[in-house]
Amino acid sequence: MRLTFLGHACFLLETSRARLLLDPFLTGNPAAAARAEDITCDYLLLSHGHEDHTGDALALSRRLGAPIIANFELAEYFAAQGAKVHGMNPGGGFNFPFGRVKLTLAHHSSSAEAGLRPIYLGSPCGLLIQADGKTVYHAGDTALFLDLQLIGKAGIDVALLPIGDNYTMGPEDAAAALDLLRPRLAVPMHYNTWPVIAQDPARFAALAAAGGHAVKILAPGATLEV
């Protein structure tokens, strides 16, 4: 299994059976390591409705015929625009041809077209992906919460955690999350895309190391063998 960081919270997860694109935000992403038109994938997995996590989902789904896996409201939002979808909800899992996906709790918000009339797009989620005998957890945008310890019981090989603060966990809370999740390895995400979420990932790595946790900092475009 191979994991490639494409910037912000977007990752390409390549399993033996499928290419999964998580939270596809490439167009308009100042930290993007690829162009949406150059991407190929078999499935798109979305943690919540904010445009910095879904920006290229519809265009990619239409172009590639790749189903969008997301919470029910978010899936229906894209289905109404012609995308193939598989709707789920937090706590539910499903066995796909490549492996199993379970949506977990996340503490955040989820909408599109924010302003006077934002469109509510269901519960924000984390993505727990099991394939090729490995478990990858994409936390989405979330605050620190105690039930992360229940998610950790899945036996996580790699946890992808936001560290940007302001909208999500900052470095301190993300390091505390590792005490609950106990992954084999953590990768920081959702930082330095814009000034409001500027962070030093090395500081997160140091805080994590003090608690006995391993961190791998990936530059956009870098790949990790899981």
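Checking each residue in segment 79-122 for being over 20 Å from L64 (Cα atoms) and aliphatic (A, V, I, L, M) picks out M88, V101, L103, L105, A106, A112, A114, L116, I119, L121.
Name every residue in segment 77-107 that is of a type in the set (A, V, I, L, M, F, W, C) and either more than 20 Å from A57 (Cβ to Cβ) or assigned to a loop (DSSP other than H, G, I, E, B) (or both), in order of residue number. Full working, then the answer.
If we filter segment 77-107 for residues that are of a type in the set (A, V, I, L, M, F, W, C), which is where we start, we get 78-80, 83, 85, 88, 94, 96, 98, 101, 103, 105-106.
Selection gives A80, A83, F98, L105, A106.
Within segment 119-134, residues that are over 21 Å from L148 (Cα atoms) have Cβ atoms under 6 Å from residues that are surrounded by fewer than 24 Cβ atoms within 10 Å (Cβ to Cβ) and of a type in the set (V, I, T) in these pairs: D132/T15, counting only partners at least 6 apart in sequence or on another chain.
Residue by residue, here is whether (1) outside any loop (DSSP other than H, G, I, E, B); (2) over 28 Å from R35 (Cα atoms) holds:
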{"site": "K153", "(1), (2)": "yes, yes"}
{"site": "A159", "(1), (2)": "yes, no"}
{"site": "M169", "(1), (2)": "no, no"}
{"site": "A175", "(1), (2)": "yes, yes"}
{"site": "L180", "(1), (2)": "yes, yes"}
{"site": "T193", "(1), (2)": "no, no"}
{"site": "Q199", "(1), (2)": "no, no"}
{"site": "A205", "(1), (2)": "yes, yes"}
{"site": "A208", "(1), (2)": "yes, yes"}
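Taking every residue in segment 214-226 that is touching a residue at least 24 places away in the same chain (Cβ under 8 Å) and pairing it with any residue that is of a type in the set (S, T, Y) and assigned to a strand (DSSP E or B), at least 6 positions away or on another chain, the pairs with Cβ-Cβ distances below 9 Å are L218/T4; G221/T4; A222/T4; T223/T4; L224/T4.
In segment 1-15, the residues that are crowded, with 24+ Cβ neighbours inside 10 Å and at pLDDT 95 or above form no Cβ pair under 7 Å with any partner that is among the small types (G, A, S) and not in a loop (DSSP other than H, G, I, E, B), whether six or more places apart or across chains.
The values are calculated or read from the model by the stated rules, or taken from the named source; none is laboratory data. A quick note: this is a predicted structure, and the numbers were derived from the prediction, not measured. Cβ: placed from backbone, ideal geometry, glycine included. Neighbour counts: every protein chain shown.
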